[in-house]
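The values are calculated or read from the model by the stated rules, or taken from the named source; none is laboratory data. Since the model is a prediction, treat every value here as computed from it, not as a measurement. Positions of Cβ are generated from backbone atoms using ideal geometry, with glycine treated the same way; all protein chains shown enter the neighbour counts. Areas reflect the complete protein model, heavy atoms only, side chains present, ligands, DNA and RNA absent. Shrake-Rupley method; radii C 1.70, N 1.55, O 1.52, S 1.80 Å.
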Amino acid sequence: MEYILMIIGAIFVNNILLAQFLGTCPFMGVSNKLSTAAGMGVAVVFVITLATIVTTVVQNYILVPLNITFLQTISFILIIAALVQMVEIILKKISPSLYQALGIFLPLITTNCAVLGIAILVTQKNFSIIDSTLFAMFSAIGFALAIIIFAGIREQMDLVDIPKGMKGIPIALITAGILAMAFMGFANLV
């Protein structure tokens with residue numbers, strides 16, 4: 001039951017994007033088309049899950065035992081950047097089709113604050129490696145769900161007549177706010 005509550009909380013209630021406002025740059029920038037939003041969502045799920053596993057291990061087995069936790073942020077940033085580069089190189093060699101499918105999204109994730117935010121959040125909550133992995137994976141799925149829903153709404157908005165002063169970013173921000181309020185409706189589930 002504890003894991004079910006964690007999953008529902010990570011995806012819907014405490015959505016990393018709509019409730020904690022981490023990762024809003026790709027949310028606004030990559031959500032013009034459903035296909036690009038889905039690609040970004042898949043890449044984010046993969047990278048956040050992998051980065052959280054590695055950063056949790058580094059935190060628990062290197063930083064804390066050596067009493068150098070003050071290096072947490074800089075070490076996590078370096079780990080995430082190196083991890084994204086390694087994943088990019090490995091994918092290019094092993095699966096060129098997946099590498100092409102992810103395209104520009106993989107390097108973009110290096111600067112996504114949601115990756116660092118989740119890595120730091122799981123260390124603050126003192127999660128075990130399994131709990132950290134599950135929380136990270138389902139938080140990333142919540143990110144992907146939000147960006148895909150938002151992209152679908154933005155594609156629909158391109159088909160309707162919107163006043164000139166509201167086109168583009170203004171209507172996107174209003175829509176994002178309404179979407180965040182819709183996700184707040186899940187708050188009573190947990």
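A few points about this structure:
- Meets criteria (within 26 Å of Gly9 (Cβ to Cβ), part of a helix (DSSP H, G or I) and either open to solvent by 50 Å² or more (accessible area, probe 1.4 Å) or not aromatic (Phe, Trp, Tyr) (or both)) for Ala187: yes
- The stretch 10-25 - residue that is of a type outside the set (A, V, I, L, M, F, W, C) and open to solvent by less than 10 Å² (accessible area, probe 1.4 Å) and, of those, farthest from Ala136 (Cα to Cα): Gly23
- Hey, Ser97 open to solvent by less than 60 Å² (accessible area, probe 1.4 Å) and either out of contact with any Cys (no Cβ under 6 Å at 6 or more places or on another chain) or within 29 Å of Ile4 (Cα to Cα) (or both) or not: no
- Filtering the stretch 152-179 to residues that are open to solvent by less than 40 Å² (accessible area, probe 1.4 Å) and either part of a helix (DSSP H, G or I) or in contact with a strand residue (DSSP E or B) (Cβ under 6 Å, 6 or more places away or on another chain) (or both) leaves Gly152, Arg154, Met157, Ile171, Ala172, Thr175, Ala176, Gly177, Leu179.
Results for (1) out of contact with any helix residue (DSSP H, G or I) (no Cβ under 8 Å at 6 or more places or on another chain); (2) in contact (Cβ under 8 Å) with a residue 60 or more places away in the chain, shown as yes or no for each residue.
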| site | (1), (2) |
| --- | --- |
| Ala43 | no, yes |
| Thr52 | no, yes |
| Tyr61 | yes, no |
| Thr69 | no, no |
| Ala81 | yes, no |
| Lys93 | yes, no |
| Tyr99 | no, no |
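- Subset of the stretch 35-73 [open to solvent by 70 Å² or more (accessible area, probe 1.4 Å), within 18 Å of the chain's Cα centre (by Cα) and aliphatic (A, V, I, L, M)]: Val42
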